[in-house]
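Input: a single structure, listed below in structure tokens.
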Amino acid sequence: MLEKRYDHKQVENGKYDFWLKNQYFSTHDLNKPPFSIVIPPPNVTGKLHLGHGSDTIPADIIIRYKKMKGFDTMWLPGMDHAGIATQAKVAERLRKEGIDYHSLGREGFLKKAWEWKDEYANTIHQQWKALGLSLDYTKERFTLDEKLNKCVNKVFVTLYNKGLIYQGERIINWDPELKTALSNVEVVHKNDKGKFWYFKYPIVDSDDSLIVATTRPETMFGDTAVFVNPKDKRYKKYIGKYCINPANDEKLPIMGDEYVDISFGTGAMKCTPAHDPNDFNLANKYNLEKIIVMDESAHMNEKAGKYKGLDRYVCREQLVEDIKKKGLFVKIEDIEHEVGHSERSDAVVEPYLSKQWFVKMKPLADAVIKLQKSKKKINFFPPRFSKTMLQWMENIDDWCISRQLWWGHRIPVYYKNDGTILVSEEAPKDMSNYHQDEDVLDTWFSSALWPFSTLNWPNTNNEDYKRYFPTSLMVTGYDLIFFWVSRMVFQSLEFTKEPPFKQILIHGLIRDNKGRKMSKTLGNGIDPFEVIERYGVDALRYFLTTNSSPGLDMRYDEGKVEASANYLNKIWNSARYVLDILGDNFIPQEIPFSQLPMMEKYIISRLNLTIKNVTKNMEKYELGAASSHLYNFVYDDFCSFYLEASKLTNQSNETKQTLYKVLKSIVLMIHPYTPFITEEIYQNLPDHLKSIMLEFYPEYNAKTVNKVSVESANLLNKMIKDVRNYKVANKLAPNTEMNLTIISKDKSLLTFADYLKRFAFAKTVNFVKENPEQKGAIYTYPNATLVVNANIDESEVKKKLLIELEKMNKEISRSEGLLNNPSFINKAPKNKIVEEKEKYQKYLLTKKAIEDKLKN
RNA sequence: GGGUGUUUAGCUCAGCUGGGAGAGCAUCUGUUUGACGUACAGAAGGUCGUGGGUUCGAUCCCCUCAGCACCCACCA
């Protein structure tokens, strides 16, 4: 028996271990068609937050659904080493312990990092368990595993040999705090308040000067030219002359190039090739020297003369003061501009000339563009995100993949003492003449391989790879489209000739209840495990997947989690009632639909229509829409109406069988959303299997839908509501007994009497075929009239009837307008025309009933 | 500078390829049934952002404008 109260803790306790013990997540029936998902590997940087639920919970729901639909599902778990992020965290912890991580050396630090990884992997495992995720742990991977390292090396070497990886000296994004290069996507542009300084650059052998504006005066030590637009009438005459850099008094050539925007700033631009990507391009074009003026921590170097050793911003201030003293300062302007910050450290990124490894993106991106424009394209849900990815691909720069870190896949490049290099999957046997490149690869380099590296690639001749790759579906957030999704796609196309997944479901972000991003600095993050503690994981899962439409952000709303828990409580209690009615000796059996009474036909019909709608939406991964069909069925059709009505007939086998069937179907349908409570209820059903996880999803059966019964039941429901309304309107107690008369030629309405007595407190129910005089409130329906017999003012009754008549006339003329409109008849879809004709008939019948009453 | 999304009840949001707008919470009345007070019964609450267009018919499609949010981009 079920406990009296739905207690989520009691319900959830032990279930996950039970599933694990029975290997429901890891048993694969090879006779079934496969359905596979790989998890977006969470970073081992810390605990899971609410956002992780928006990947994993929808994925779990889909996996459980597909399993019940007869697929061999395989959901592969794993975690990401998260190079920069983890290294920063480990270094931070060491710092708190008073240890400078450099002092440990590479090996010593890595040992600490692995300890950290084990600790957080353990936490994450606990959390996956708490979320109820049906992950196949036998296939778990970690991005820094040896196996995956082999994949990474193979990919690197192959791309290198194809000329798609190269080493180059270019301007990259430098994080001066973490002292590493970053890729473009790891730079977050923020609108910062800055200043625009205007300085005079005196022209050599002249009294004139050029005024040049800059936002970063400290880089002036790296200036090698001043550019103007050759079309600029103001400055044309200076091209070929020299001016003096006010920072260091060096002579700078004044050069012309169309790149310069005449209308921006003063129209004269300083060129700092080693600290600005555009200037770098100009320098290449004109063969200018590239002078680096800072060290790796963004402190000024010897090129800055007396400012050497100063932080870039300190130098900036002092330099401006010194230029002022020279009389070369013109003015200062406040501006707002986009400034790049490191995604991880938030430090202002320094464009920095540096030797790094790059992936040549154009050919790889082109393959993705070609794929998405073909019939074999990956289906995005919602589709617009494909466009997001493509636009990025169309404007892509080469990818800087080397990082000056220790925690990561080390670059498989070996430098020989003689200056030659060896790019190889394996280290040379005799390392004495070699040293390996010190850098590691961008974390996303290995993440990009995840869908196939986890399935034993490059060994493609094995069951898992052949069966589960390409994976069926990816579920991830739109914030990862550039970082991860697009990179998985091009690497997969390049190395497996297949897309990494056939479909991808993109979700939005979870925000706080004010719509703000959850962040540590704001302290507005929600700990999912506190929510689980209070409301249960089923309620959290239900909340997270049913309150928004795909691709849109949602707000965390505790009230809705509570509402979810209430819904589950509703299902729980309906189950308690049904089980109580069924008793201990109940044996489930199929009763032919045609033999069922009207009410049973009605609820079975509605159940089938619900199965149809839910399934349709589940197939589209419209989890919110699917659940709302089920929700409405559970509340309105089942609990509020059928279950109550069943109290009159629940000793009959037909009713018992029906209650059982409907309850079981509901529990099965909602199981993917709320696995714990459904397992608990399921195991209390008669004739149950060992676990609900062995069950199949209810199937829609068009033969067990009967429209007449549905209409009949709806009419009864309407009558009950009308009587209740009558009492409220007349300030009568709800349980006031009334005499009712039903005027109808339809004999089947005789069965309404008992229900009306019970649920509308009818004292008597009289049936008459024609309309004899009846005093009281009158409610008209297409083929019946209900009279609540009472002594009421006749004129009031008449007034109400006239209002109803007018309403009906309006509907009739609307309907006639449509039906007499040839273009409607010609153009509208057939079913709409049929629908409208049916409505029209109903209106006419109702109108006639009203008119008959008015005659009396 | 490009691009995307969004604007529906007091609040948070649904609304399926166009056919008389729904839920949860909040509010107001009232407790009555063989499970549920985490409940039940009822009520109130919406010119579906603005202006146009297409259509027999528009919350939905097209255009305009406005507000809000986000993404991309090297403007010194």
For the subset of region A:565-575 comprising residues that are closer than 30 Å to A:Q657 by Cβ and either buried (at least 18 other Cβ atoms within 10 Å of the Cβ) or of a type in the set (D, E) (or both), which member is nearest to RNA strand B (Cβ to nearest atom)? A:S574
Cβ-Cβ under 6 Å, sequence separation 6+ or interchain: first residue in region A:262-275 and more than 6 Å from RNA strand B (Cβ to nearest atom), partner outside any loop (DSSP other than H, G, I, E, B) and among the hydroxyl-bearing types (S, T, Y). Which pairs? A:T272/A:T219; A:H275/A:T219
Out of (1) surrounded by fewer than 21 Cβ atoms within 10 Å (Cβ to Cβ); (2) within 36 Å of the chain's Cα centre (by Cα); (3) modelled with pLDDT of 95 or more; (4) not hydrophobic (A, V, I, L, M, F, W, C), the odd one out for A:E146 is which? (3)
Hits in region A:641-650 (condition: within 7 Å of RNA strand B (Cβ to nearest atom), part of a helix (DSSP H, G or I) and farther than 18 Å from A:N608 by Cα): A:E644, A:K647
For A:M393, work out the one condition from (1) within 16 Å of RNA strand B (Cβ to nearest atom); (2) in a loop (DSSP other than H, G, I, E, B) it doesn't fulfil. (2)
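Output the residues belonging to region A:793-807 that are surrounded by fewer than 17 Cβ atoms within 10 Å (Cβ to Cβ), closer than 28 Å to A:L750 by Cα and without any contact (Cβ under 8 Å) to a residue 40 or more places away in the chain.
Within region A:793-807, the first condition is being surrounded by fewer than 17 Cβ atoms within 10 Å (Cβ to Cβ), and the residues that meet it are A:793-796, A:798-800, A:802-803, A:806-807.
With the extra rule that they be closer than 28 Å to A:L750 by Cα, the set shrinks to A:794, A:798, A:800.
Scanning region A:793-807 gives A:E794, A:K800.
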Out of A:L422, A:L405, A:L371, I need the residue that is of a type in the set (A, V, I, L, M, F, W, C) and either under 24 Å from A:K497 (Cβ atoms) or loosely packed, with under 13 Cβ neighbours inside 10 Å (or both). Which one? A:L371
Region A:35-56, residues that are more than 21 Å from A:M488 (Cβ to Cβ) and either within 13 Å of the chain's Cα centre (by Cα) or charged (D, E, K, R) (or both): A:K47, A:L50, A:G53
With the requirement that a residue be over 16 Å from A:Q774 (Cβ atoms) and not aliphatic (A, V, I, L, M), what does region A:723-744 give you? A:R724, A:N725, A:K727, A:N730, A:K731, A:P734, A:N735, A:T736, A:E737
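Would you point out the residue of region A:513-548, among those that are within 30 Å of A:R344 (Cα to Cα) and among the polar types (S, T, N, Q), that is modelled with the highest pLDDT?
Step one: of region A:513-548, the residues within 30 Å of A:R344 (Cα to Cα) are A:513-532, A:540-541, A:544-545, A:548.
Subsequent filtering for residues that are among the polar types (S, T, N, Q) retains A:513, A:519, A:521, A:524, A:545, A:548.
Values: A:N513: 88, A:S519: 80, A:T521: 77, A:N524: 85, A:T545: 95, A:S548: 85.
Among residues in region A:513-548 that are within 30 Å of A:R344 (Cα to Cα) and among the polar types (S, T, N, Q), the one modelled with the highest pLDDT is A:T545.
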Looking at this structure, is A:K839 without any contact (Cβ under 8 Å) to a residue 40 or more places away in the chain, buried (at least 17 other Cβ atoms within 10 Å of the Cβ), part of a helix (DSSP H, G or I) and not aliphatic (A, V, I, L, M)? yes
Count of residues meeting criterion [at pLDDT 85 or above and more than 16 Å from A:Y781 (Cβ to Cβ)] in region A:835-856: 1
Filter region A:512-529 for residues that are more than 19 Å from the chain's Cα centre (by Cα) and not basic (K, R); the one that is farthest from RNA strand B (Cβ to nearest atom) is A:F529
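Checking the condition within 24 Å of A:T476 (Cα to Cα), touching a residue at least 12 places away in the same chain (Cβ under 8 Å), over 24 Å from the mean Cα position of the chain (by Cα) and surrounded by 13 or more Cβ atoms within 10 Å (Cβ to Cβ), which residue from A:I378, A:I411, A:I396 passes? Before you say what the answer is, go through the steps one by one.
Values: A:I378 fails: over 24 Å from the mean Cα position of the chain (by Cα); A:I411 fails: within 24 Å of A:T476 (Cα to Cα).
That would be A:I396, the only listed residue that is within 24 Å of A:T476 (Cα to Cα), touching a residue at least 12 places away in the same chain (Cβ under 8 Å), over 24 Å from the mean Cα position of the chain (by Cα) and surrounded by 13 or more Cβ atoms within 10 Å (Cβ to Cβ).
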In region A:82-97, is there at least one residue being surrounded by fewer than 20 Cβ atoms within 10 Å (Cβ to Cβ) and part of a loop (DSSP other than H, G, I, E, B)? yes
Pull up region A:586-638, narrow it to residues that are among the acidic types (D, E) and in a loop (DSSP other than H, G, I, E, B), then point me to the one that is farthest from the chain's Cα centre (by Cα). A:E590
Total residues in region A:209-229, condition among the aromatic types (F, W, Y) and more than 21 Å from A:K303 (Cα to Cα): 1
Name the residue, out of A:A713, A:A702, A:A626, A:A729, that is without any contact (Cβ under 8 Å) to a residue 24 or more places away in the chain and either touching a helix residue (DSSP H, G or I) at 6+ places or on another chain (Cβ under 8 Å) or surrounded by 22 or more Cβ atoms within 10 Å (Cβ to Cβ) (or both). A:A626
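The values are calculated or read from the model by the stated rules, or taken from the named source; none is laboratory data. In this text the structure is predicted, and so the values were computed from the model without any measurement. Using ideal geometry, Cβ is built from the backbone for each residue, glycine included, and neighbour counts are taken over all protein chains shown.
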